[in-house]
Structure formats: structure tokens, C-alpha cells
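Structure record follows, encoded as C-alpha cells.
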Amino acid sequence: MKRVLIYKRFERLWHWLQAALIITLAVTGFEIHGTFAWLGYETAVQVHNIALWMFLVLIVFAAFWHVTTGEWKQYTQRQGTVSAMFKYYTSGIFRNEPHPVKKTELSKLNPLQRVTYLAFKLIIVPLQVVTGLFYLTYNRWPAWNINGDLNLVATLHTISAFSLVIFFMVHVYMTTTGRTATSNVKAMITGWEEMEDEVPAVSGRLAGSPAIGD
Ligand code: HEM
């Protein structure tokens, strides 16, 4: 076992800020939607407005960071398959079977994480942001010659908000499936994670590696 700095300082800051902003946007958004009453409609709109600008700035910084550090390459690593991961999370994990993929500094996402995080970053968040921006600029549509349907924009914004909330719940559950129930969350706070020593890969699978989750 060795201790590895797996999450860099910016990455951790970005992760927790993003989590706080998405929770704030979800709570205020669903209050605006009329799901419950807590802050009051006016305040909910004001908080949603402040949080959305912070979220937009954070997205720009995060995109810049992914490109300049080369971290986007985490999404192109090929190790294991999505179906092996799905099988592991739906049955193997309950039978104490070894994790099918070993986490390394160069490949810290397993295949299932890779597709879900990619869908999160390239589909769900962009849909939320684009529909939100149309919603925000509704008063300017006539000047921009946009003959849109505000109801449709609000519905799409709400549907993608539901997908974000579902992603959030599954994501929180998945954080408990690491080496121990809290090891992944601790790693995202401190940056450090205990890892197996490197072993050479054999035909796409790592030789004799009991891997994380053990
Ligand atoms: C950059 C991102 C975002 C932008 C630009 C944005 C923008 C907006 C705007 C302008 C409104 C209408 C407020 C009003 O009626 O005055 C709204 C409502 C709402 N937002 Fe967002 N938002 C963003 C992110 C989010 C996120 C991340 C969530 C949830 C996870 C969310 C959930 C909602 C919901 C549920 C509503 C109520 C929709 C309705 O019933 O009409 N928003 N948003």
C-alpha cells in the first residue's frame, strides 16, 4: 500500500464548490417550481440568480483546468468495461468479490464512472445551463428574434434538474463503495488515498490485483 495524492487542490475546491452550488440551485430551483415553501419565492429567485453566476464562473475555471492540466485524459483511459463495473456494483460488491478495475494516479475513474461523469459534464450540466440561460434571458428573446416557448424551456430545465438530483443521489451512494465506506470522501477532502502498489497489466486486466474495494 502507498499513499498517493490523487485529487489536486483545485480539483477538490472545484468538486466541493460545485456540490454546494448544485445543492443551492436545486433547493432554490424547486422552491421556484413550487415544490415546497422555505425561503419565499422572491428570495429563492435571488439566491438562484447569485448561485447560477457563481456556477457559470466555476464551469469556465474547471474547463480551463481540465484542458491545461491534461486531466480530461482521465476520460480516454481504457481499462475494463462498463458491463464489468455494472455487474460488480449490482452483485459482486455484495459478495465481496474483487473490484474489476484498479485505481491509479493515471486512471482514477472506473469505466462506469467515466460514462456517468462524462454524461454529467457533457449532457446534464450543459442542458441545465443552456435551458437556464434561455430562461434567464426570456425578456430579450424578442430583441434577438427568438420566438421560443418559455413553458418548454422551463419544463426542460426542470427535467434536467431531476436528472441532476438523481445523479447526485447515486453519486453519494457510490462514494461509499471505495476501500472503506468513507475512504473516497476522505480522499476528496484531503487529496490523499491509500493505493495498491503498481502491478503490470495483463491483456487489459491488471495481474493478480485485489484492487480497491478490498
Ligand atoms: C447556470 C445554471 C442555471 C441557470 C442559468 C438557471 C436559471 C434559472 C432561471 C432564470 C430560473 C427561473 C427563475 C424565475 O422564475 O425567475 C430557474 C428556475 C429553476 N431552476 Fe435553474 N438555473 C441554473 C441551474 C440550475 C440547477 C443546477 C438546478 C437544479 C439542480 C436548477 C433548477 C431549477 C428549477 C427546478 C427551476 C424552476 C423551474 C420552473 O418550474 O419554472 N437550476 N433557473
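The values are calculated or read from the model by the stated rules, or taken from the named source; none is laboratory data. Source: prediction; values computed, not measured. Every residue, glycine among them, receives a Cβ derived from its backbone with ideal geometry; neighbour counts consider all protein chains shown.
What the table shows:
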{"read-out": "Selection count where residues are in contact with a strand residue (DSSP E or B) (Cβ under 7 Å, 6 or more places away or on another chain) and either of a type in the set (Gly, Ala, Ser) or within 17 Å of residue 185 (Cα to Cα) (or both), scope the stretch 1-47", "value": "4"}
{"read-out": "Which numbered condition residue 64 misses (of (1) more than 16 Å from the ligand (Cβ to nearest atom); (2) farther than 30 Å from residue 138 by Cα; (3) modelled with pLDDT of 95 or more)", "value": "(2)"}
{"read-out": "In the stretch 170-184, the residues that are surrounded by 12 or more Cβ atoms within 10 Å (Cβ to Cβ) and not β-branched (Val, Ile, Thr)", "value": "171, 174, 178, 179, 183, 184"}
{"read-out": "Hey, residue 158 farther than 14 Å from residue 52 by Cα, touching a helix residue (DSSP H, G or I) at 6+ places or on another chain (Cβ under 7 Å) and polar (S, T, N, Q) or not", "value": "yes"}
{"read-out": "Wholly enclosed helices (runs of 4 or more DSSP H) of the stretch 114-214 bearing at least 3 residues within 16 Å of the ligand (Cβ to nearest atom), hydroxyl-bearing (Ser, Thr, Tyr) and modelled with pLDDT of 95 or more", "value": "150-174"}
